[in-house]
Structures are given as structure tokens and as C-alpha cells.
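The values are calculated or read from the model by the stated rules, or taken from the named source; none is laboratory data. Just so you know, these numbers come straight off a predicted model, no measurement behind them. Ideal geometry is used to build each Cβ from the backbone, glycine not excepted, and the neighbour counts take in all protein chains shown.
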Amino acid sequence: MEKINRLEITARYAETDMMGIIHHSVYPVWFEAARTEFIKMTGITYSELEKQGIMLPLSELSCKYILPLHYEDRVIVETRLSSLSFAKIEFAYRVLLDGKVTAAGRTLHGFVDSKSFRPVSLKKVRPELYEKLREVQTNDWC
């Protein structure tokens, strides 16, 4: 199984600011789309996970903006699982244009019960999913 998911996105006009540059608020949306595809890569969708009573609320988000992007730029958002514990999961992202990193970020999420919003141990409630995620965890960009 792959350890990095690559999602191609074409920057839309509505995502630009007055200067014609992709607005900073767009990157978390791109990260979410890329994270959703990464989760699918493990054999389950976010919605299936939620139907099984597990949610992954966001607790932290960071993004470093390195180079500007513009309307119609075709970028690749790379996603990897950078850290996993029984109760938390961290994803790392790179946005690339023509092989150059234009932004880098990370998001941290907790595993919670969808009814109570109390933390749960993924290893206890979904051990097979926990093991799949451990298999794709990587600290390095390949």
C-alpha cells in the first residue's frame, strides 16, 4: 500500500484574492480534500468511519506558504500520515507546482465517539483500521 497520496487540483478563479494569488484560506480546504483521499486509500471512507461511530475532529492546523499559486495552476497535494497514537492522528501535506514545494502543512485530529464526542482508542474500537494506518505511517517524504 502506498504511504503518500497525491491529489491533483486545478486552482479555481474563486480561490484567488485581489492580487490574483490563491488565498491562504483555500489551503485547509485542499488539505481536507487530500486527507479524504488518503483515508480512502486505506480502504475506508470518512463517511463509513462516521457511520461506525468514529469522528476525527480537527484540533490543530498549520500551513507554511512558500511560493504563490495562481488561477489555473495545476498542483499536486501530497498527504502522508506522519504520526499515529491510539487517540490521535497527524497528517502532513505538501503542495507542489511543477515539482516545487509551494506550501507545507499539518493537521492533528483526535479519534472521538460520534455520539458523546469523548475520546476513543482506535486500537480498541477498530484494531484492523489502526493496523492499516500504522502500515502507511511515515515520517519521511518518499
For the stretch 103-142, which residues satisfy the criterion of being surrounded by 15 or more Cβ atoms within 10 Å (Cβ to Cβ), more than 16 Å from the chain's Cα centre (by Cα) and assigned to a strand (DSSP E or B)? Val112
Of the residues in the stretch 4-18, how many are within 19 Å of Lys64 (Cα to Cα) and assigned to a loop (DSSP other than H, G, I, E, B)? 2
Can you pull out the residues in the stretch 92-110 that are touching a Phe, Trp or Tyr at 6+ places or on another chain (Cβ under 8 Å) and over 25 Å from Leu67 (Cα atoms)? His109
Looking at (1) modelled with pLDDT under 95; (2) farther than 24 Å from Gly43 by Cα; (3) of a type in the set (A, V, I, L, M, F, W, C), can you tell me which one Val101 breaks? (1)
Between a first residue in the stretch 17-38 that is surrounded by 12 or more Cβ atoms within 10 Å (Cβ to Cβ) and a second residue that is part of a helix (DSSP H, G or I), which pairs have beta carbons less than 8 Å apart while being 6 or more apart in sequence or on different chains? Ile22/Glu15; His23/Glu15; Val26/Glu15; Thr36/Tyr46
Taking the options Thr16, Thr42, name whichever one is of a type in the set (Val, Ile, Thr) and within 21 Å of Trp141 (Cα to Cα). Thr42
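Among the residues of the stretch 79-88, are any of a type in the set (Val, Ile, Thr), out of contact with any Asp or Glu (no Cβ under 8 Å at 6 or more places or on another chain) and at pLDDT 95 or above? Full working, then the answer.
Initially, the stretch 79-88 is screened for residues of a type in the set (Val, Ile, Thr), giving 79.
This time we only want the ones that are out of contact with any Asp or Glu (no Cβ under 8 Å at 6 or more places or on another chain), so: none.
No.
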Kindly indicate the residue of the stretch 39-56 that is in a loop (DSSP other than H, G, I, E, B) and among the hydroxyl-bearing types (Ser, Thr, Tyr) and also surrounded by the most Cβ atoms within 10 Å (Cβ to Cβ) among those meeting that condition. Thr42
The number of residues in the stretch 46-89 that are under 22 Å from Pro119 (Cα atoms), out of contact with any Lys or Arg (no Cβ under 9 Å at 6 or more places or on another chain) and among the β-branched types (Val, Ile, Thr) is 1
